[in-house]
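Written below as structure tokens is the structure these notes are about.
The values are calculated or read from the model by the stated rules, or taken from the named source; none is laboratory data. Since the structure is predicted, the reported quantities are computational estimates derived from the model, not experimental observations. FYI the Cβ positions are ideal-geometry reconstructions off the backbone, even for glycines, and counts take in every protein chain you see. In case anyone asks, the SASA skips ligands and DNA or RNA and just uses the protein heavy atoms, side chains included. Shrake-Rupley method; radii C 1.70, N 1.55, O 1.52, S 1.80 Å.
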Amino acid sequence: MARLLRHFTEEELLDEGVLWKDSPSGAPGFRRCGFTEALQTLWNGEKFAKRARTMLEEWSQELEAREATGTRRDGDKARVGEVCRALKLGEAERGLLEYALVRQRTVFDDFPLHGPKLSGRVRTTFLAMAVDCPESEVEKALSPGGALRKHDVLDDEGDLARGPFREYLEGCGPMALEGRFYKRRDTKDALPWAYFGALAKNHGTVLKRLLKAADGRGGANVLLYGEPGTGKTSFALALARELGMTLYEILQGTRDGEKVEAQSRMTGIFLCNERAPKPGSMALVDEADELLRSRGGGFFGLFSGFGGGGVGGTEKGAVNSLLDGTKIPTVWIVNAPPESIDGSVRRRFDYSVRFDKLTDAQRRAVWRNTVAKTGLAGRVGEEQIAEWSRKWRTSAGGIATVLGNVRRMRPKRGEEAALVAKLMRPHCELAVAERPGAGEEGVARDYSLEGLNIRGAVGLDRVVGAVRRFREALEGAEAGDPDRPRMNLLLWGPPGTGKTEFVKHLGAVLDAPVAARSGSDLLSMWVGGTERNIRAAFEEAEGSILFLDEIDGLLQNRAGAVRSWEVTQVNELLQRMEMFRGVMVAATNFMDNLDPAVLRRFTFKLQFDYLTDEGKRLFFERMFGTRLDAAEAARLARIPCLAPGDYRTARQSLHYLGGEVTNAMRLDALERESALKKGGTKGRIGF
């Protein structure tokens with residue numbers, strides 16, 4: 001009451017019906033709800049607006065004086081001034097911000113100053129009087145496209161919105177304004193630039209030149225996209241260190257909700273581009289999928305006009321304006337496929353790099369670097385690293401997680417491999433959802449090229465030699481040379497005749513990693529998914545042996561295709577076979593339905609057939625470790641359609657029976673395997 005009476009006479013308060021004289025004590029008293037209701041009545045009345053503004057200013061000065069004698073580092077005016085400078089706010093916007101802060105920090109927060117009496121134009125008129133600005137400026141300042149709303153400083157009622165700006169204005173914590181939206185990212189521990197191999201070689205020169213040209217002379221936007229855990233963030237860190245630039249990472253939103261998350265990050269990008277030192281700065285927008293992904297009627301409409309685009313822009317218009325307005329080199333990282341980003345957004349990126357699953361060489365480098373970082377270098381040798389790289393086809397993040405846990409478990413010397421296996425197996429089942437590559441268990445101990453029935457003029461030993469010479473020549477070959485012969489092998493024939501085991505043998509004798517994929521691994525239910533899987537399989541196996549098993553469904557003759565994707569997946573495979581810098585081996589049990597154009601791309605076509613009589617005897621004596629007499633040999637020769645896989649199956653079945661095993665029992669087992677094939681038209685997929 002004392003504060004009110006300093007600004008209003010008792011008569012005025014009585015005339016307005018705020019006070020009444022008939023109280024029990026005889027002294028004037030407040031009607032209805034008391035002080036709060038009385039203050040609302042006076043404030044909402046245009047007659048007393050000027051004096052109400054005087055009260056507001058007086059209250060603000062008292063708050064400022066109170067803070068000056070307290071423990072706060074700076075006061076309301078200093079923080080308001082910092083927000084105004086950061087967002088380039090005008091006088092009307094500054095007045096509305098001060099008004100909202102005073103209301104938030106005082107008793108004014110107890111009632112709705114913008115209640116029913118101040119709706120629509122009346123509300124705008126009152127606010128214009130309160131901040132002493134034209135109504136048109138107030139209306140513009142509070143529009144969805146204005147800086148206060150766009151950056152989530154004020155809500156649609158004109159009050160302080162929950163989030164980083166409110167926390168800063170209320171003095172919550174000592175953190176500066178910028179630190180609530182972006183932070184400096186240390187790059188001293190970034191991976192060496194050379195670690196990225198083909199990516200650094202293929203993209204490094206032009207990418208570094210582009211960013212150097214943009215530094216201090218306008219922004220440039222670079223998109224890193226592709227598989228999760230493939231090193232996109234590490235690449236950005238290494239790039240910043242390679243260029244000698246300071247990297248600033250845009251922080252995620254500070255509270256739940258997609259709308260606030262997006263607004264906070266958009267503001268962070270804006271502030272970083274405006275306030276980071278120039279030249280010499282680079283911005284990093286990691287996990288930018290939701291910011292860049294296009295949707296009909298999504299949350300991008302909330303940012304209409306971001307960066308001066310005006311009200312009513314489309315959901316992609318806000319992002320386009322932001323990309324167009326960058327002032328420092330900015331790297332964006334997404335895991336989503338590029339198709340999920342609108343074409344108009346994609347066109348605004350100055351450069352892009354696609355990250356696929358790690359190649360075998362990259363995976364070995366990740367294992368080697370992570371072993372060193374976790375302090376296990378003296379306990380884990382290069383041979384063990386090579387084995388892990390072949391066996392566990394996981395991402396850099398998965399490797400770091402497993403080895404980090406191994407270090408924390410303080411293993412005894414020699415226990416590292418067992419712990420890695422125990423931790424990595426469930427990780428791959430959950431995160432990778434992929435079967436191990438061929439050769440994980442190694443070549444069967446009794447496998448040999450001798451005895452296999454390969455039809456054709458070129459034997460397997462000569463094919464192995466040809467592949468070895470190809471790999472040696474590959475080191476000095478120029479990428480994209482149209483005259484450089486490719487090395488694509490087609491293995492075909494009945495199940496169990498040794499096709500898969502030959503690929504394992506090839507990788508072992510050439511000391512080359514084998515990346516195995518079955519046709520079912522690559523087929524996708526989504527449009528374009530199979531083509532992407534084919535492309536990724538070839539790129540991941542660059543420089544290695546790519547083994548595509550059971551490819552019947554991928555290479556069907558296009559002449560009989562009835563769906564467009566049946567043609568496009570064959571076209572994709574043909575293109576990748578032409579471009580591949582490695583050895584590609586495909587295996588199938590059926591030859592008749594394969595596309596003729598694909599068949600022409602194979603350097604060698606090797607038919608694996610059932611064993612000859614000589615081969616039957618050789619495999620019998622090698623795999624069972626016994627000799628055959630004449631009668632037994634004759635009985636074996638009469639068994640049709642035998643393959644090396646049948647011997648393994650027979651040996652395993654007899655092993656678990658226990659007791660003495662005779663040649664007669666072994667021959668019985670082989671006869672049963674042969675009988676199941678019904679003349680060799682059906683059988684198991686195996687050996």
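Summary of values
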quantity	calculated
Hits in the range 331-347 - residues which are surrounded by 18 or more Cβ atoms within 10 Å (Cβ to Cβ) and farther than 15 Å from PHE235 by Cβ	ILE341, ASP342, VAL345
For GLY179: the one exception among (1) free of Cβ contacts under 8 Å to residues at least 60 places away in the same chain; (2) open to solvent by 20 Å² or more (accessible area, probe 1.4 Å); (3) within 21 Å of the chain's Cα centre (by Cα); (4) under 16 Å from LEU284 (Cα atoms)	(3)
Test: residue in the range 267-290 that is small (Gly, Ala, Ser), modelled with pLDDT of 90 or more, assigned to a helix (DSSP H, G or I) and in contact with a strand residue (DSSP E or B) (Cβ under 9 Å, 6 or more places away or on another chain)	yes
Sole exception among (1) over 30 Å from GLY75 (Cα atoms); (2) more than 26 Å from the chain's Cα centre (by Cα) for LYS188, by number	(2)
Selection count, the range 438-471, where residues are open to solvent by 60 Å² or more (accessible area, probe 1.4 Å) and either modelled with pLDDT under 85 or assigned to a loop (DSSP other than H, G, I, E, B) (or both)	5
Enumeration of residues in the range 132-141 that are surrounded by fewer than 21 Cβ atoms within 10 Å (Cβ to Cβ) and not hydroxyl-bearing (Ser, Thr, Tyr)	ASP132, CYS133, PRO134, GLU135, GLU137, GLU139, LYS140
Residue match in the range 226-233 (condition: in a helix (DSSP H, G or I) and closer than 16 Å to TRP332 by Cα)	yes
Answer residue from the range 205-225, given it is in a helix (DSSP H, G or I) and in contact (Cβ under 8 Å) with a residue 24 or more places away in the chain and is most open to solvent (accessible area, probe 1.4 Å) among those	LYS212
